[in-house]
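Quick notes on the structure that follows.
The values are calculated or read from the model by the stated rules, or taken from the named source; none is laboratory data. Being a predicted model, the structure only gives us computed values, none of them experimental. Every residue, glycine among them, receives a Cβ derived from its backbone with ideal geometry; neighbour counts consider all protein chains shown.
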Amino acid sequence: MPWKRPTHGQKKAGKSHSPTPKKSTKIYGHKWRKARAAYLMKHPLCECEDCRKHGRHELATVVDHIIPHKGDMRLFWDSSNWQSMAKACHDRKTAKYDGAFGRPVKPKQDDKEIF
Ligand SMILES: [Zn+2]
């Protein structure tokens, strides 16, 4: 499948193929992916509150905005507003803030050492 195809050719008439714009994920483009990757290289471990509190070292795969940017480009690109997060931690945070799964987020008690 060709990645790009010229649009100046014939258009298929018939099916009205209305271009459905992807929801505004445009800001999460190439530039962000690069910035994010660079940040994760420098901050490879999860920096979330939980991990810091419990001294956990989860491998971070997500760069989270500490203060939700809500489309504010200044916040979005402000690296002091970024934190590395493990996917699980990020999901937990999102669930906590959005109540996405409609269940209370309980702190886990599984970090006790058996010694
Ligand atoms: Zn974490």
| query | If you go through segment 79-88 one residue at a time, do you hit one that is more than 16 Å from residue 32 (Cβ to Cβ), within 8 Å of the ligand (Cβ to nearest atom) and not hydrophobic (A, V, I, L, M, F, W, C)? | reply | no
| task | May I ask you to list the residues in segment 42-75 that are more than 14 Å from residue 89 (Cβ to Cβ) and of a type in the set (D, E, K, R)? | result | 42, 70, 72, 74
| Does residue 43 satisfy the condition of being modelled with pLDDT of 90 or more, more than 16 Å from the ligand (Cβ to nearest atom) and surrounded by 15 or more Cβ atoms within 10 Å (Cβ to Cβ)? | no
| field | Selection count where residues are at pLDDT 95 or above and either over 23 Å from the mean Cα position of the chain (by Cα) or not in a helix (DSSP H, G or I) (or both), scope segment 4-38 | value | 0
| task | Kindly indicate whether residue 1 is more than 16 Å from the ligand (Cβ to nearest atom) and modelled with pLDDT of 90 or more. | result | no
| field | Residue satisfying all of: in segment 69-78; surrounded by 12 or more Cβ atoms within 10 Å (Cβ to Cβ) and part of a loop (DSSP other than H, G, I, E, B); farthest from the ligand (Cβ to nearest atom) among these | value | 72
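Results for (1) assigned to a helix (DSSP H, G or I); (2) polar (S, T, N, Q), shown as yes or no for each residue.
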| site | (1), (2) |
| --- | --- |
| 40 | yes, no |
| 47 | no, no |
| 51 | yes, no |
| 56 | no, no |
| 67 | no, no |
| 80 | yes, yes |
| 89 | yes, no |
| 94 | yes, yes |
